[in-house]
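Following: one structure in structure tokens, then a few remarks.
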Amino acid sequence: MAKDKGNLIAGAVLGAFGLYVIWVATKLPYVSDVGPGPGFFPIWLGIGMVLFASVLMFSSFRTSVSGPDSEPKSWPLLLRPFAGWVAVMIAIALLGKIGFALSFVILTVFLVVALDRRPLSLAVVVAVGLAVAFHLIFVVALDVSLPKTVWGF
């Protein structure tokens, strides 16, 4: 019997989604005339998801470090990951309105300050540095357009 039913359920859902991704990706060309085709990345992403899901599912049958009769998780501990997930969803919703750079900076500052409990100055430096790095890598080097605001960033 599984010791951690949450990991077992999460692994099963992740594995099912990974299998779906693989199934859809096999309908796309794996290679093209110039290199990897549109099905290349999704197939390997799906394979990775299935592998990680299987590790998660198998680990749910092992006894945890704190013992089999450990206390259930408290609500405050469960709120932190949920707050992070909600923050990511809000940042995605704001992409079209305030652009990638600003929504990414706000998201990073929130994650570092509220969830990681680090100083605001560190969060701002990390957020701006990551936003600049994303801009240099994707916009400048790879010529990928990211969502912009009316101000152009």
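Tabulated results
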| item | result |
| --- | --- |
| Counted residues, the range 37-69 - those being modelled with pLDDT under 85 and more than 25 Å from Val13 (Cα to Cα) | 3 |
| Test for Pro119: is it exposed (fewer than 13 other Cβ atoms within 10 Å of the Cβ), in the same structural domain as Gly129 (by TED's automatic domain parsing) and at pLDDT below 90 | no |
| In the range 1-17, the residues that are in contact with a Leu (Cβ under 8 Å, 6 or more places away or on another chain), small (Gly, Ala, Ser) and part of a helix (DSSP H, G or I) | Ala10, Gly11 |
| Pro81 being modelled with pLDDT under 90 and in a helix (DSSP H, G or I) | yes |
| Residue under evaluation Leu14, criteria (1) more than 19 Å from the chain's Cα centre (by Cα); (2) at pLDDT 90 or above; (3) surrounded by 11 or more Cβ atoms within 10 Å (Cβ to Cβ), criterion not met | (1) |
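The values are calculated or read from the model by the stated rules, or taken from the named source; none is laboratory data. Being a predicted model, the structure only gives us computed values, none of them experimental. Positions of Cβ are backbone-derived with ideal geometry, glycine not excepted, and every protein chain shown enters the neighbour counts.
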